[in-house]
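J.: Have a look at this one before I ask anything.
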Amino acid sequence: MTYEIIENLVERLSCDFVLADPGEPESLSSLLPILKQIHGKCLELSCKDQAKEILKARKIIDAVLKDDTGDVDERMDDLSRLISGLSSSMAVLKGSEPSGPALKPEPDGPDISRIEPVLEKFSLLIGGFCPGEIPDLGVMLNNFDELIKMSEGDEFAIFHDVCIACRGYVEDMTLENIRSTQPLEEGLVLLKSLLSHLKREKVFGFDYSDVLQLLNIRFKEEQESKDVKEEILEPRSSTEPVKISDDDMEILIDFVSEALENLDTIEVSLIDLEQDPSNMEIINNIFRPFHTIKGVSGFLSLTKINILAHATENLLDSARSGDFLINDIATDIILESVDTLKNLIDKVNRGTKTGFMPPNDDIDIESLRDKLQKLQTALKKGEPLGEILVHKGDISHESLDQALEIQKKNPDKKIGEILVAEKKTAPGQVAAALLDQTTAKKTIATQVKVSTDKLDDLVDYAGELVIAQSMLRQKTSGDQSLSQSVAQLGQIVTNMQSIAMSMRMIPIKATFMKMIRLVRDLSRKSGKEIALNMKGEDTEIDRNVVEALYEPMVHMIRNSCDHGVESPSDRREQGKPSRGSIVLRAYHKGGHIIIEIEDDGKGLDRDAILEKAKSTGLVTGNDQMTDAQVYDLILRAGFSTAKKITDVSGRGVGMDVVMDGLEKFRGQLNIESEKGKGTKFTISLPLTLAIIDGMLVGVDNEKYVIPTTAIQKAFKPPKQDCFTVEGKGEMVKDRGSLIPVIRLDEIYNSSREKPVWDSLVVVVESKDEKRALLIDELLGKDEYVIKSLGNHLEDVEGLAGGAILADGRVGLILDIHGIFSLVSREE
């Protein structure tokens, strides 16, 4: 190793320093990596004086960046003198460098071969350590005394300091009855890494301050800049947006994405933890995301996020250490912390879009941090059984006070026994407060992240390729040799399109899991006991369809909790279990995903709905309506039979929004209900919004695509089965029933008109209603890439979009439900 490398680095440092501006932190920060490289090279060449100068330069830059007290110009002058002196000293050293190969000095420091077995002995002690065993701790202390003595010397300075820190932690374990060995395990990993670098004669250039903090060591730098650190720990008030640097922008975008995903994971795991409070793996699954958010937010100077994540992490760390179990109160506060963190991260997300970090003074974290700290202290002491029963709502505060008075007179009696004897609570409720229940562990599969824009582009181009291949197939249909090649190409294109579509498919589980939190909160707010059961949550669906599902599901779950499931007392009177049930099901059926939301509540009151509809003029007394048509009335805007408006539902707003949202994505909603038994909402949505299975039909000179899922049958009716009914129009008879005929040429103003018996009819169905579409010819079944009709045609009722056909023409995709609605209004 020559000094030339260091000289080049110093020259680069000098150039960058000349261009640096103390008013622009980024320009000064760019000097730190160069200083680190020079420091490492100086240590390799035993240039200790120069290495010390580098550390001084780094401290000066840190002070300027932290806006520490002092004259900035004076500090920059000091830095300039240090860099100049460094440049001069390196030139002298280079001139004195011997021309021949450098002789390696004989090792005069500690003997690594003696240190290794002692460190291995410590490793075995940690592996077999039993908490609370004083003899084990004594052996550890002796072990570290030996390592400290053996590692004296400049070359082993870092190793020596870490050993001292580990020894101090072992002393704390002995004196303060600390049981956690995690800091020592981290220290062991660091010591082994340091020893490995020393054996290979490599400089250890990694940051190990987090391990020393775990071991509770105080750095000299901390003492020198104590005021600065204390200031950093407290969030600064900021009313002006702060510009985000280009370097930070990419990191912040990744942080927002990762943090929001972590927070969603935390919500799911917390619900699992409520069922199994002693499951350490679930607690670790919650702890790790908070730890990650805390670490990254600290690095990015997102102070409020860092403080709140740290306070929540401390609470969970105590639970990990076995100090207490996470109860309902702790779960509520952690969920509150999750919601607040989401609000703070949302501010960061907005900043990444505008380029300026918005102020977050409107979000208060101090009260929440205090609650977390107080709860941690209270839970460490242990929450009394009586308080647990009060929090769960099993007894009142008055009942607990009376029981405590009785206990004062009878100290031998336990509070649980007194409450049961006084008939204030049941033995099972006391047992539930004391015993843990075990349930199967649930995990969420990790996913590879790909930009959604890239996926959308891939699907679009795959669709274009399908169209081009169809056009090519038609043009080469007369050439047998070419047709065979095109057929093979078609197979490849189809497979590629399937893969592209599958990449946009994601499990619906994440959406289902959000419903668990919703049901939990709503049941508590309404004072009801409701269990949510999920089936088919691993069913996959296009990510765009998932977004379409979320809002309708929220509205229907809210209605089931508020209007459907009865109170525990009402359910017991009807002979039902006191705990209500809502079941979420998901499954595939005929190119669609079916979502069922079923409750075992009181069901829909058909008579009450009809009465309300008549009073508002929606229906007349003469209308003959099926159950499905009656239940569909609740989907009308402003329609509600609720006698009382709550903060959950009852205003007549919601179900019409559900229907509007589903129709935008070619979805349908069916309602089945039985009074006193429950209600089932069934949502049907296409698996993908990009492709549709359809039957191509011809009407005059126009071509239309009918979704195959709506088709019941197609046939040519004989003349004797064609009728005209007064007030109903044209009908065609099929299997003894009359089906109304719809002429597409009349709806879309085509040229000529044929008798029904000279045409074909396609029987289609929507929401248990059948109609017969009159067509001229069936042209075949195929998959079609759905194209938007543009802003001018998007409001044309009865059309779901367009498709480019094999001959290059545009075929209109029919919206069967929209056509039925259009015809019904005209009738």
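J.: Accessible area of the stretch 306-381 with a 1.4 Å probe: how many percent of it is carbon plus sulfur? Intermediate values should be presented prior to the final figure.
T.: On the way: 1560 of 3280 Å².
On the stretch 306-381, the fraction of accessible area on carbon and sulfur atoms equals 47 percent.
J.: In whole angstrom, note down how far apart the Cα centers of the stretch 279-332 and the stretch 488-507 are.
T.: When both Cα centres are located, 42 Å separates them.
J.: Also, quick follow-up: Summarise the accessible area of the stretch 668-743 (1.4 Å probe, protein heavy atoms) by the percent that is carbon and sulfur.
T.: For the stretch 668-743, the apolar C and S fraction of the accessible surface comes to 46 percent.
J.: Still on this structure, please answer the following. Return the long-range amide H neighbours of residue 278 (sequence gap of 5 or more, or a different chain), with a cut-off of under 5 Å between placed amide H atoms.
T.: none
J.: Pairs 475/713; 514/680; 525/602: which exceed 23 Å Cα-Cα?
T.: In this structure, 475/713 lie more than 23 Å apart at Cα.
J.: A further question follows. Rounded to the nearest 10 Å², what accessible area does residue 405 show when all protein chains are kept and the probe is 1.4 Å?
T.: Residue 405 has an accessible surface of roughly 100 Å² with all protein chains in place.
J.: A 32 angstrom limit on the alpha carbon distance is what I want to check against. Which of 423/509; 509/576; 371/535; 614/767; 353/767; 703/733 exceed it? Spell out each step's value before the answer.
T.: On the way: 423/509 43 Å; 509/576 29 Å; 371/535 37 Å; 614/767 23 Å; 353/767 43 Å; 703/733 26 Å.
Those over the limit are 423/509; 371/535; 353/767.
The values are calculated or read from the model by the stated rules, or taken from the named source; none is laboratory data. This structure is a prediction, so every number in the text was calculated from the model and none was measured. Ligands, DNA and RNA are stripped out before the accessible areas are found, and what is left, the full protein with its side chains, is counted by its heavy atoms. Shrake-Rupley method; radii C 1.70, N 1.55, O 1.52, S 1.80 Å.
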